[in-house]
Structure formats: C-alpha cells, structure tokens
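Before any comments, here is the structure.
Each reported figure results from applying straightforward, stated rules to the coordinates on display, with no laboratory input. Computed from a predicted structure; not experimentally measured. A quick note on method: Cβ atoms are made from the backbone with ideal geometry, for glycine too, and the neighbour counts reach across all protein chains shown.
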Amino acid sequence: MSFRERTNYLPKCDYPGCAMFYEFWSPTRETAIEDVIYDEEWLCLFTGDNEPRFFCPLHLRYKPDSSPDDSPTVLFDSDSPTTQPALHALNKYYEDMSTPQPLPKLECEYTILAVLTSEDSK
C-alpha cells in the first residue's frame with residue numbers, strides 16, 4: 001500500500017468567534033500569507049512579533065458605490081484621513097504593510113486591535 005502525503009495551508013479568520021476560512025488552499029505557509037495580503041477582500045496585519053493575523057470580509061468596510069472595476073473595500077491610505085481607521089492605534093499596523101490593506105468596519109476596530117496586541121504581550 002502506498003500513500004502520497006501533502007500538507008496544505010488554509011488561512012482562518014482570527015476575529016474572535018468567527019469561523020470563516022479563506023477560499024483557497026496554499027502549498028506553503030508563506031504562499032497562504034501572500035495570498036491573503038494581495039486579496040482586497042481579506043485583511044492581513046502583523047502583530048509586533050511578526051505573526052500574521054487574518055480578518056475575513058465580514059469584518060471589513062465596503063464602499064457604498066463601488067464599481068465592478070474597482071475594489072469593493074475601502075483600502076488604507078496614509079495620506080487620506082478618510083481612508084484610515086477611526087482608531088488611530090491601528091495605523092502603525094497598516095503602515096508596516098507594503099500592499100494596501102482594507103479597513104475594518106468601525107465596530108470591529110477595537111477587537112482587531114485587541115487581537116493584534118494580545119500577541120505582543122507573549
């Protein structure tokens with residue numbers, strides 16, 4: 001009897017109580033992280049310990065009038081106050097990213113900050 005074994009990675013939303021998974025499997029951990037980083041409908045931010053944290057579309061801010069050719073999410077822009085989190089403590093996590101990331105819903109900002117900072121205290 002023979003077996004072929006293969007490990008794959010599937011990112012899961014780190015928002016407390018959320019059970020949503022990313023829609024695609026990746027062959028490596030690094031590829032899984034990159035896939036989420038480049039997906040405008042998922043948020044990836046890194047903790048102070050450089051660990052990725054993923055947040056699914058349920059926790060993101062959407063444009064009310066996005067066109068099919070445009071990103072449906074509101075992306076972070078350090079030059080525009082309207083495209084920054086209301087909770088300014090999150091800005092440092094966004095500024096560390098080279099790829100623009102979507103903003104969280106206003107009501108999710110404190111929880112996302114708690115997820116990011118709870119890892120720093122380990």
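Relative to the longest principal axis of the Cα atoms of the chain, helix 109-120 runs at roughly 50 degrees.
Taking the chain as a whole, the Cys residues whose C-beta sits 4.7 Å or farther from every other Cys C-beta are C44, C108. For the chain, which longest stretch is free of loop sites, where a loop site is one of the GluC sites (Glu not before Pro) that DSSP puts outside H, G, I, E and B and that has at most 12 other Cβ atoms within 10 Å? With GluC sites (Glu not before Pro) excluded where exposed in loops, the chain gives 24-122 as its longest stretch.
Using the Karplus relation 6.51 cos²θ - 1.76 cosθ + 1.60 with θ = phi - 60°, the per-residue 3J(HN,Hα) values for the range 8-20 come to 10, 10, 10, x, 10, 4, 8, 5, x, x, 8, 10, 7 Hz, with x marking Gly and Pro.
Dividing the Cα radius of gyration of the chain by its Kirkwood radius returns 1.01 for Rg/Rh.
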